[in-house]
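What follows is one structure encoded as C-alpha cells, with my remarks underneath.
The values are calculated or read from the model by the stated rules, or taken from the named source; none is laboratory data. From a predicted model like this one, the values you see are computed outputs, not experimental measurements. Cβ coordinates were reconstructed from backbone atoms using ideal geometry, including for glycine residues, and neighbour counts include every protein chain displayed. Only protein heavy atoms, including side chains, enter the accessible area calculation; ligands, DNA and RNA are left aside. Shrake-Rupley method; radii C 1.70, N 1.55, O 1.52, S 1.80 Å.
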Amino acid sequence: MNKFWPFFFMFWPFVAVVLFFIAPSMGWWFPSEAFSPLGVQIDNLFYLILVIVSVTFVGTHIGLGYALWKGVDNKAEKGWFSHGSHSLEVLWSIAPAGILMFISLYQLDVWRTYRVKSAYPKDLYGVAEVTARQFEWRIRYPAPGKKLQPTPQPDDLYTVNDLHVPVNQPVLIRLRSMDVQHSFFVPALRVKQDAVPGTVIPVWFEASKEGGFDLTCAELCGWGHYKMRGRVFAERKTEFEKYLNTLKAEQGFDGVNKPSESGAEIAKTE
Amino acid sequence: MSAVHPTVGLSDHGHGHAGHHEIGFVGKYIFSKDHKVIGIQFLITTLLMLMVGGALALGVRFQLAWPWRAMPLVSQLTGGLFAAEGGQISPEFYTMLFTMHASVMIFLVIIPILAGAFGNFLIPLMIGADDMAFPTLNMLSYWFMWPAIACFGMSFTVNGLNAAPANGWTAYPVLSAVVQAAPGAGDAQTWWLFGLTLVGVSSMMGSVNYMTTIINMRAPGMTLFRMPLTIWSMFITAILQAFALPVLTAAGFMLVAERTLGFKFFVPGNLLINDAPATVGGGQPLLWQHLFWFYSHPAVYIMLLPAMGMVSDMLAAQVRKPIFGYKPMVYSMAAIAGLGFIVWGHHMFTSGMNPALGMTFMISTMMIALPSAVKVFNWIGTIWGGKVQFNTVTLNCVAFVSMFIVGGLSGIFMAAVPVDIYFHDTYFIVAHFHYVLFGATLFGCFGAIQFWYPKMFGRMMSERLGKLHFLLSFIGFNGTFFPMHLLGIAGFPRRYADPYIHPYMEHLMPINRFITLCAILMGIAQFILLFNFAFSFFAGKKAGRNPWNANGLEWSAPSPPGHGNFDVPPVCYRGPYEYSSPLSEGTDFLMQTDPLRHTGGVGNAGDGHH
Ligand code: HEM
Ligand SMILES: [Cu+2]
Ligand SMILES: [Cu+2]
C-alpha cells in the first residue's frame, strides 16, 4: 500500500505511451500519410520531435517515480540535506538548450520553403484565387491557357467549395477573405494558412497523389464555422485542363447556343 | 503601515483587541480590508466560478459526444432558456458556450485564484507583514470582480436570454468587431469587453499592492533571497501583470470604440459581411492579434508562476528537504517572465505575418522551454532523497510536476513552426493548454487549498475526501485531455459544433464520447472538493499553528491569524527551506523565526551544501 502512489505516478505515463503505440491502428492518428512533399517533411519533423519528447517524458517520469519510490520508505532519520548542485544545474541547463537549439535550426528550412517567397519552388503554377466567406470557399480560376491575375477578369471561371489542382505540380493560390478571418486547412496535405480580411496571402502546395482531400476552416468565423466544408481535387494535368474547359463551357453557356462539345460530354458523365 | 496588534491566544483571534478598534460584521466579512478575508472571499468566489465554467464546458462536451441531441436535465429544467430549441444546442449557442467557458475559467477562476486568493492570503503572512500596503485598494480589487462577473453575466442575458459573446476568448476581429458578423453576440460582446476591462482593473490594483508590499513590508531579516518561492513567484507575476495588462486594456477599449462608435482600428474596408453594408476604413485585423497576445502570452505565465511557487513550498515541506536549487528556481522564473514578453507571435504562426518574424518567435519560444525544464529537474531533485509522505498535498504537487511535464513537452511540437502549421487550431492546442492550466495550475491550487486551509480556518481538511477528490480528478483529467493530443494529430479542429460532417473525422465520435464521460467524472469530483471545503470548516480536525511542521513565517502566526496577523512581530533568521538541517536537533525543520538555533552558518536559502 505504501508503494501505491509511486506506482500510480509511474503507471499513467506507461498507459500514455501504450496509447500512442496503439493510436495509429485505432485511427487516432493523422487522417492519412502526407500527400505532399512539404507535408512529408512536416511529418518527419513531427516524428523526430515525438522521439525526443517521448524519451524526455519517460525519462523524467522514471526519475520522478524512482524518487517517490525511494522516498516513501526512506528509513533515514532525516531527509538528504542538500540545497542543490551547481554542476547538475549547469548540466541540465545546457543539455536541453542544445536539444532545443537543434530542433529550432533543423526545421528552419521547411518553414523557409513554405513561407519565404524567394525559397518557393521555381515552377509554381498560379492555379486560383480562393476567397473565404461565411461559410464557403469561393474559387476563381483563370481561363484555360491564361495566367491568374490579381484582379478578376471577364473570362475567369468560378466555383464554390471545389478546388481542382494538377497533381505533382507545385501550385499557388491567392488566399483572401471577403468578410471575417478564416483559415484554409487541408489536413491530408498538411497545409494551413489564415485568410485575413484586407490582405491577399499567397499559399503554395503540391499534391503528390491523385484524389479528393477534405478542405476545412481552421479559424473561428462564426456560427457556421464547422460547416465550411470544401474539397481539393488533385488530378492529372489533362483532366485538370478538361475540368477547366467544362467550367468554361458551362459558364460561357448563354442559354441559347449549345455548350461546346467536350464540355457537354464531361458534364454528362459527372 | 499600521502597527502590529498582538493577539492574546490561539482561539480568540480578532477579539483580543476588540476594544482597540471596532469593526462591524460588514466591515469584517464583507467590505473587509483584511487581506486574509479578502483572500478567502476571492477563493470562495473563484471556486464557485469554477463550477460555472465547468458546467459550460460540459455543454461543449455534450455536443461533441452527442451532436444535436437535447441535453438531458438541462433541457427539462430550463426549457428553451439558453439553448435554441428545447435544450438542443444550436451551432450559435455552441460558439457561445466555449467562448464563455474559456472566459470564465481564465478571467474569473485561474487568474483570480492565484493572485487574488493565494496572493492575498499568503503575501503578508509569508513576509511577516501585518497586512497589505494598501488595504483599501485591496478591498476594491475584490469588489471590482463583481461588476466584472455581472458584465460577463449580462452578456448572457441581453438580447432576450439567448445571446452571449460568440467569438472565442481571443475575440479576433473582424468577427468580434462587426456586429453583423456574429449576430447572436450583439451587445453581449461589448459587455464582455467591459467585463474584461474590469477584471483588468481588479488585477492591476492587486498587482500594485503586491509589488509595494513585497518590496516595503518584509519583516526584519527577510532579505530577498530568504523569501519563499511563493513570494518570488507572486512578485514576478505582479510585475508581469503591471506591464502586460495596459496593452490588453487599450486593445479592449479600441474594440469597444470600434463596435460602438464606428472607429476603424481592426476592420479593413470593402468587406461584405452578412447583411451589413460594405465596411469602410483601413483597419488591420492582425493588430488585435498582436496586442491581444502581447498580453495573453505573459498572461499564461500569470496563470502558472504562482502555482509553481506554491508547489515549491509545499513540496519541500512534504518531502522534508530543502528546495533543490533555490536560486536557479528564482532565476528561471525571472527568465520565463522576461522571455514571456517576446514569444507572443507563436500564437500567430499561420496568421500570415512576416515569415522572418515567425522564425524569431520560434527561437524565443523554444528558449522559454528551457527555464521550464530547469524547474522540473529541480522539483525532481527536491523529491530525491526526501522522506516522502503521501498526503493530499503531496499528491497534488506531484501531479502538478507530472502534468506540467506533459504540457511543456507538447509545447515543443507547436513551437516548431512547420509542425504548428498542422497543429494550429486543432485539439492538440486544447490538450496542451489544459495540461498546463488545469493539470499544472489547478492541481497546484488543489494542493494549496489543502495545505493552507488550516491557516485560513484553523482546521484541517479531510484527508480521505482530499485523496478521493484527487484520484477522481486525476483520472478524469487525464481521460479527458490526454486523448485530445490524438484528436489533434488526427486534424480535429477546435471550435467545431459538428466535426463529424467532415468525412475524415467521422470515425472520431466514439473517442469523443469517452472524453465526455471522463469530463463528467471530473466535474462530479469537484463537488467532493466543495463539500470537503465546507464540511471541514465545521468538522475538520483542529489545527495548531504549524500542522505541517513547515518553516515559513505564516506558520508562526496563530491559526487562523487575527487582525494584524502576528501576535509576536516576526523576525526572520534564515531561508525558508531548512528542512532536515543538522542544526535542528530532534526535529527535521527549522522555522524562519526560530532564533534559538540561529547560527551564522545557515544563511540564505540558496547557499550551497554539496
Ligand atoms: C514549455 C513551454 C511552452 C511552449 C514552448 C509553449 C508553446 C505554445 C505555442 C507555440 C502555442 C500556440 C499554438 C497554436 O495556437 O498554434 C501555445 C498555446 C498556448 N499555450 Fe503554450 N507553451 C508553453 C507553455 C505554456 C504554459 C506554461 C502555459 C500556461 C500556463 C501555456 C498556455 C497556452 C495557452 C492557453 C495556449 C493557447 C491559447 C489559445 O489559442 O487559445 N503554454 N503554447
Ligand atoms: Cu471559416
Ligand atoms: Cu503563448
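Values as computed for the structure displayed
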| item | result |
| --- | --- |
| Average partner coverage of A:53-60, which counts Cβ from other chains inside 10 Å | 4 |
| Value at 222 nm in deg cm²/dmol, rounded to 500, when DSSP H runs of n ≥ 4 in the protein assembly as shown each add -39,500 (n - 2.57) | -17000 deg cm²/dmol |
| P(r) histogram, all alpha-carbon pairs of the stretch B:431-561 included - 10 Å bins from 0, percent | 12, 32, 25, 16, 10, 4, 0 |
| Debye-sum result for the stretch A:123-269 in log10 I(q)/I(0), which assumes one identical scatterer on each alpha carbon, at q = 0.09, 0.11, 0.12, 0.21 Å⁻¹ | -0.27, -0.41, -0.49, -1.34 |
| Value in Å of the Kirkwood radius, where the protein assembly as shown supplies the Cα pairs that are averaged | 28.8 Å |
| Dipole in debye (nearest 20) - chain A, about Cα centre, beta carbon charges: Lys, Arg +1; Asp, Glu -1 | 440 debye |
| Proximal charge balance of A:Ala119 [Cβ under 13 Å; K/R count +1, D/E count -1] | +3 |
| Against the rule of thumb 2.2 N^0.38 Å, how large the Cα Rg of chain B comes out | 0.97 |
| Distance in nm between pseudo-label sites at A:Asp109 and A:Val51 (7 Å out along the Cβ direction from Cα) | 1.6 nm |
| Per-residue HN-Hα couplings for the stretch A:172-186 [Karplus 6.51, -1.76, 1.60; θ = phi - 60°; Hz; x = Gly/Pro] | 10, 10, 9, 9, 9, 10, 8, 10, 9, 6, 9, 8, 8, 10, 10 |
| Shape of the stretch B:91-152, Cα gyration tensor, a/c cut at 1.5 | oblate |
| Chain A - accessible surface per residue (Å², probe 1.4 Å) | 46 Å² |
| A:Phe7 versus A:Glu241: modelled label distance in nm, points set 7 Å from Cα along the beta carbon direction | 7.1 nm |
| 25 °C / 0.890 mPa s Stokes-Einstein diffusion coefficient of the stretch A:1-105, Kirkwood radius on C-alpha pairs, µm²/s | 142 µm²/s |
| Highest-first arrangement of B:386-398, A:48-60, where packing means the average Cβ count within 10 Å | B:386-398, A:48-60 |
| Electrostatic dipole magnitude of the protein assembly as shown [Cβ: Lys, Arg +1; Asp, Glu -1; Cα centre; debye, to 20] | 1100 debye |
| Two-site label geometry, B:Tyr331 and B:Leu287: point separation in nm, points 7 Å out along Cα→Cβ | 4.1 nm |
| Pairwise FRET efficiency - B:Phe531 versus B:Lys28, Cβ, R0 = 25 Å, nearest 0.05 | 0.45 |
| Selection from B:Ser580, B:Leu255, B:Gly358, by position along the positive dipole direction of the protein assembly as shown (Cβ) | B:Ser580 |
| Dipole of the protein assembly as shown, positive end: most advanced residue of B:Ala276, A:Ala34, B:Val376 [Cβ charges, Cα centre] | B:Val376 |
| At 0.890 mPa s and 25 °C, Stokes diffusion of the stretch B:159-286 via Kirkwood alpha-carbon radius, µm² per second | 144 µm²/s |
| Placed amide H near A:Cys217: partners under 5 Å, 5+ positions off or other chain | A:Met228 |
| FRET E, pair B:Thr136, B:Lys541, Förster distance 45 Å, beta-carbon r, rounded to 0.05 | 0.80 |
| Rounded to the nearest 20 debye, dipole of the stretch A:123-269 from Cβ charges on Lys, Arg, Asp, Glu | 160 debye |
| Two-decimal log10 I(q)/I(0) for the stretch B:30-303, as the Debye equation yields it once each C-alpha is a single scatterer, q = 0.14, 0.17 Å⁻¹ | -0.98, -1.24 |
| Distance from the stretch A:202-249 to the stretch A:11-32 (C-alpha centre basis), Å | 30 Å |
| Contour minus Cα-Cα distance for B:Leu468 and B:Leu583 (0.36 nm per residue) | 37.6 nm |
| Alpha carbon convex hull of the stretch B:518-592, projected area averaged over orientations, nm² | 8.0 nm² |
| Gain in span if fully extended, A:Asn161 to A:Ile94, counting 0.36 nm per residue against the direct Cα distance | 19.1 nm |
| Cα-derived Rg to Rh of chain A, Kirkwood definition | 1.17 |
| Inter-centroid distance (Cα atoms) of the stretch B:332-409 relative to the stretch B:478-538, Å | 24 Å |
| Gained length - A:Gln251 relative to A:Arg229, 0.36 nm times residue gap less alpha-carbon distance | 5.6 nm |
| Charge dipole of chain A about the Cα centre (unit charges at C-beta), most positive-ward option of A:Phe4, A:Asn74, A:Ser25 | A:Asn74 |
| Kirkwood-type radius of the stretch B:320-539, with distances r between different C-alpha atoms, in Å | 19.3 Å |
| Of A:Phe213, A:Phe185, A:Phe81, the one that fluctuates the most in a GNM where chain A has Cα springs shorter than 10 Å | A:Phe81 |
